[in-house]
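The values are calculated or read from the model by the stated rules, or taken from the named source; none is laboratory data. Just so you know, these numbers come straight off a predicted model, no measurement behind them. In this analysis, Cβ positions are derived from the backbone assuming ideal geometry, glycine residues included, and neighbour counts consider all displayed protein chains. The protein model used for the area step is the full one, side chains on, heavy atoms only, and it has no ligands, DNA or RNA in it. Shrake-Rupley method; radii C 1.70, N 1.55, O 1.52, S 1.80 Å.
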Amino acid sequence: MADVEVFIGDLTDETFHYEGGDWNHNYPKRISAFFPKGYDLFFSVLDDIYYNRIEGRQTDWGSHTCPMYPDEILALLEDYYKKDMGDVKVQELFQFIKQLDPYQQYGLVACEMT
């Protein structure tokens, strides 16, 4: 199994195409650290996409991207990390997200890192 990670990407990245594009490295440029417990979160995000709980799609051979506002990302992660809220890495991630532009969408990216 390939390494899998979750991160926040810049949807204004001109090399990324949410609608179509080349499926070789077609994911938005990473602007955050990799998320804690990314392996489990990767599969949780894919489930959420496939069961239409969040909007997202496969944009690369091993990557799925979800356009989301920071408050939507926080809501998703608050549920996922509810048992890990005291973890320093989780707190740093939440602080990073809270500093993003609340009126701009970012890409929540679940990506195979082969």
Point to revise | Square roots of five times the Cα gyration tensor eigenvalues for the stretch 28-85, Å | key: 18, 14, 12
Check your understanding: His25's amide H: which non-local residues (gap 5+, or another chain) put their own amide H closer than 5 Å, with H modeled 1.01 Å from N in plane and none for Pro or chain starts?
Key -> Trp61
Point to revise | Around Gly62: net Lys/Arg minus Asp/Glu count, Cβ-Cβ under 11 Å | key: -4
Point to revise | Dipole magnitude of the stretch 19-82 about its Cα centre (Cβ charges: Lys, Arg +1; Asp, Glu -1), debye to nearest 20 | key: 220
Review point. Taking 1 over the mean of 1/r across every pair of different Cα atoms in the chain, what Kirkwood radius in Å do you get?
Key: 14.1
Point to revise | Derived scalar couplings ³J(HN,Hα) [the stretch 10-21; Karplus, 6.51 cos²θ - 1.76 cosθ + 1.60; whole Hz; x for Gly, Pro] | key: 8, 5, 8, 4, 5, 7, 9, 10, 5, 9, x, x
Check your understanding: What is the helix-to-structure angle for 88-98, meaning the angle in degrees between its Cα long axis and the longest Cα principal axis of the chain, kept from 0 to 90 and rounded to the nearest 10?
Key -> 70
Check your understanding: Heavy-atom accessible area of Leu100 with all protein chains present, probe 1.4 Å, nearest 10 Å²?
Key -> 20
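Using the eigenvalues of the Cα gyration tensor, what equivalent ellipsoid semi-axes result for the stretch 48-114 when each is taken as the square root of five times the eigenvalue, whole Å, largest first?
The three semi-axes for the stretch 48-114 are 21, 15, 12 Å.
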Practice item. Using only Cα atoms, tell me the angle between helix 70-80 and the longest principal axis of the chain; keep it within 0 to 90° and round to the nearest 10. Key: 70
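Treating only the Cβ atoms of Lys and Arg (+1) and Asp and Glu (-1) as charged, compute the dipole magnitude of the chain about its Cα centre; round to the nearest 20 debye.
240
Let me check I've understood the local charge: for Val4, count other residues with C-beta under 13 angstrom from its C-beta, Lys and Arg +1, Asp and Glu -1. What total comes out?
Taking every Cβ under 13 Å from that of Val4, the sum is -4.
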Check your understanding: Placing +1 at every Lys and Arg Cβ and -1 at every Asp and Glu Cβ, with all other atoms neutral, what dipole size does the stretch 63-114 have around its Cα centre, in debye to the nearest 20?
Key -> 80
Exercise for review: Calculate for the chain the 222 nm mean residue ellipticity that helices alone would give, adding -39,500 (n - 2.57) per DSSP H run of length 4 or more and normalising by residue count, nearest 500 deg cm²/dmol.
Suggested key: -9500 deg cm²/dmol
